[in-house]
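Reading through the structure tokens given below for one structure.
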Amino acid sequence: MKSDNFERTLPEGYHEAYVIDATKGKFSLWLNVVAMALMIVIAVPLVAIIFITAEEVHVNSTFLLILCGLLIVYTILHELTHGIAYKLMTGEKLTFGVTLTVAFCGVPKIFVYRKTAMVALLAPFTVYSILFILLMIALPDPTMKLAVAILFAIHFGGCAGDLYDTFIYLTRFKDPKTLMQDTGPRQTFYVPK
């Protein structure tokens, strides 16, 4: 089954159709602007609702330190979730890293089919969106709800690259034979001629 999800070499008759590189110039700037906009669009209403409905919210330096720690943990878990999806579907070696513009997970030595790529792309978005929404509903303490709401907004913005790649698949590369080489910060799409 795993070998049905990827190719070790680019099959004959395929050509490069599109490249996304989150470390390069204009695209990197655009991606980060979109990520910030998504964070704001999610954070503003959630934070407003919490402050309007809560009797007391404790935001202090301890809260901010804990929030920063949770953000680091979340970023690691987000990339590990990509990795788990890729590992389950391919069994291949993963690459993890951080650049000035993105944290990443990739499988640079193989070419994954559309289905495999989309599962790996959407795994963190799906898992952590559900988790954060359930936590915001279930947690009784408004300060904890605020922390989760901020993490959810950062998560949503942080998925901008994953959502963009998914959008490209849904609009440009609908053929299930489409292959992608994912080095982490760079995804190269290949289609049959």
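The values are calculated or read from the model by the stated rules, or taken from the named source; none is laboratory data. All of these numbers come straight from a predicted model, not from anything done at the bench. Cβ atoms come from the backbone with ideal geometry, glycine included; neighbour counts cover every protein chain shown. Remember, those area values only see protein heavy atoms, side chains included, never the ligands or the DNA or RNA. Shrake-Rupley method; radii C 1.70, N 1.55, O 1.52, S 1.80 Å.
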Worksheet item: So, of the residues in region 92-112 that are exposed (fewer than 14 other Cβ atoms within 10 Å of the Cβ) and not in a strand (DSSP E or B), which turns out to be modelled with the highest pLDDT?
Response: K93
Discussion item. Any residue at all in region 63-74 that's under 21 Å from the mean Cα position of the chain (by Cα), surrounded by 14 or more Cβ atoms within 10 Å (Cβ to Cβ) and of a type outside the set (A, V, I, L, M)?
Written reply: yes
Fill in: Residue match in region 25-37 (condition: open to solvent by 40 Å² or more (accessible area, probe 1.4 Å), in a loop (DSSP other than H, G, I, E, B) and charged (D, E, K, R))
no
Item to complete: Please work out if H82 is modelled with pLDDT of 95 or more and surrounded by 12 or more Cβ atoms within 10 Å (Cβ to Cβ).
Response: yes
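So that you can scan it fast, the table gives a plain yes or no per residue for (1) in contact with a strand residue (DSSP E or B) (Cβ under 7 Å, 6 or more places away or on another chain); (2) open to solvent by 20 Å² or more (accessible area, probe 1.4 Å); (3) not in a strand (DSSP E or B):
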residue	(1), (2), (3)
S129	no, no, yes
L135	no, yes, yes
A149	no, no, yes
I154	no, yes, yes
G157	no, no, yes
L170	no, yes, yes
K174	no, yes, yes
Q187	yes, no, no
Y190	yes, yes, no
Worksheet item: Does V44 satisfy the condition of being modelled with pLDDT under 95 and either among the acidic types (D, E) or over 13 Å from H155 (Cα atoms) (or both)?
Response: no
